[in-house]
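In what follows, a single structure is set out as structure tokens and then discussed.
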Amino acid sequence: MVAESFRQKQNVHPFILGLQPSALVDSVARVDCSLLDRIPGERGGSIPVAIEELEDILKEVEISFRDEANDDSRSSVMKTMAGGSVANTIRGLSSGFGISSGIIGACGDDEQGQLFVNNMSSHGVDLSRLRKKKGHTAQCVCLVDELANRTMRPCLSNAVKVQAQELTKEDFKGSKWLVLRYAILNLEVIQAAIALAKQEGLLVSLDLASFEMVRNFKLPLLKLLESGNIDLCFANEDEATELLRGEQNADSIVAVEFLSKYCQWAVVTLGSNGCIARHGKEMIRVPAIGESKATDATGAGDLFASGFLYGVVKGLSLEECCKVGTCSGGSVIRSLGGEVTLENWQWMYKQMQVKGLPTPEGL
């Protein structure tokens, strides 16, 4: 059988679904700048690589770890976990906020595919819509420097993925939200998912992915927004700038106003400066969490989305949604990778309590 599903929960309808066509496994390591200088491409970017290049990068990391083995001043460690923006958001909603969540996509029948399954299921994510296929699971090396900036090198070539024609109305039946990340290579499956989701009455959340994606593929993105099918849009400051490139007086406020013409909720995250959001006629600006120290920025926007969606689901005000988002975004940057540790979830709950925000029940 070429593909099978993890149908362990046939009758369960997760409240929030995430579409990540290809399951992805992240290998996250803290490195120094000298190693980054030996890797092709700009620091801080995300450039696809072939499997041979990915293996070469991992070897470079291993060599640097061996060189530092006798240096007690540094802690060399590599974490491997289920990754990808949507997976990070969905895992956060399930494990940190207690929101019933599931993922639509495909993983390979390899070691990485099993790791993805084990990691997501251990955090309570419903995998009944995840197809298992013969082939390779996508991988990404995420290198974090001394300033907590990340350089990503994803390997997506030959990775299995769910195709547009494989999606069915049954995948979306009974759920309330669909979470997406813009990607031109996945545009066909994104469009198919949105069409089926809207037939089933779901609200749709879209993350703009990266400034490179917005810059290079702006027209298809604008068509998605203009369709009126995107209910909530997340953009960071760089993505917002690209979206309005060429416009006069283009800033984050203008970007939020632009997005709100098409979406019920529009959010622009501003890193250490918090976020700006608009819902209907209300616009709000919320500062970042001052107590949070950045170890690794990986997943900050993804976990912000988890918190914001939790607020929307719970019927919180726009300001409260933003505050929960800043708390959850602040929690993930305190350790390596896009997965929040139990200790950092506890930190987040304390931040929420201090700010008078409702914390998840039973967690």
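The values are calculated or read from the model by the stated rules, or taken from the named source; none is laboratory data. This structure is a prediction, so every number in the text was calculated from the model and none was measured. Cβ sites come from the backbone with ideal geometry, for glycine too, and all protein chains shown count toward neighbours.
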**Report entry** Failed condition for G301, given (1) under 24 Å from L187 (Cβ atoms); (2) touching an Asp or Glu at 6+ places or on another chain (Cβ under 6 Å)
**Finding:** (2)
Report task. Can you run down the residue pairs with Cβ atoms below 6 Å, 6 or more apart or on separate chains, where the first is in the range 211-227 and over 25 Å from L270 (Cβ atoms) and in contact (Cβ under 8 Å) with a residue 12 or more places away in the chain and the partner is assigned to a helix (DSSP H, G or I) and not hydrophobic (A, V, I, L, M, F, W, C)? Result -> none
Query raised in the report: If you check G201, G228, which single one turns out to be over 27 Å from L130 (Cα atoms), over 21 Å from the mean Cα position of the chain (by Cα), of a type outside the set (D, E) and assigned to a loop (DSSP other than H, G, I, E, B)?
Result: G228
Requested in this report: Check L185 against each of (1) modelled with pLDDT under 95; (2) part of a loop (DSSP other than H, G, I, E, B); (3) surrounded by fewer than 21 Cβ atoms within 10 Å (Cβ to Cβ) and name the one condition it does not meet.
Outcome: (2)
Report task. For residues that are in contact (Cβ under 8 Å) with a residue 24 or more places away in the chain, part of a loop (DSSP other than H, G, I, E, B) and either surrounded by fewer than 24 Cβ atoms within 10 Å (Cβ to Cβ) or of a type in the set (D, E, K, R) (or both), tally how many sit in the range 290-321. Result -> 9
**Report entry** Failed criterion for V160 (all others in (1) on the phi > 0 side of the Ramachandran plot; (2) touching a His at 6+ places or on another chain (Cβ under 9 Å); (3) not acidic (D, E) hold)
**Finding:** (1)
Report task. Any chance you could count how many residues in the range 236-276 are in a strand (DSSP E or B), among the aliphatic types (A, V, I, L, M) and touching a Ser or Thr at 6+ places or on another chain (Cβ under 9 Å)? Result -> 3
**Report entry** Number of the condition not met by P220 [criteria: (1) surrounded by fewer than 23 Cβ atoms within 10 Å (Cβ to Cβ); (2) assigned to a strand (DSSP E or B)]
**Finding:** (2)
Query raised in the report: Does A164 satisfy being within 21 Å of A138 (Cβ to Cβ) and touching an Asp or Glu at 6+ places or on another chain (Cβ under 7 Å)?
Result: yes
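Quick one: in the range 75-129, of everything that is part of a strand (DSSP E or B) and touching a Phe, Trp or Tyr at 6+ places or on another chain (Cβ under 6 Å), which residue is nearest to T326 (Cα to Cα)?
The residue in question is A82.
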Query - Where a residue in the range 27-46 is farther than 12 Å from V144 by Cα and its partner, wherever it lies, is β-branched (V, I, T), with Cβ under 7 Å and at least six apart - result: I39/I57; G41/I47
Report summary line: Here the qualifying pairs (Cβ atoms under 7 Å; residues six or more apart or on different chains; first in the range 322-339 and closer than 10 Å to G299 by Cβ and modelled with pLDDT under 95; second in a helix (DSSP H, G or I) and of a type in the set (K, R)) come out as E339/R91
Report task. Report, by residue number, each residue of the range 264-304 that is of a type outside the set (D, E) and within 16 Å of G337 (Cα to Cα). Result -> S292, K293, A294, T295, A297, T298, G299, A300, G301, L303, F304
**Report entry** Output for the range 114-144, where each listed residue is closer than 17 Å to A50 by Cβ and among the hydroxyl-bearing types (S, T, Y)
**Finding:** T137
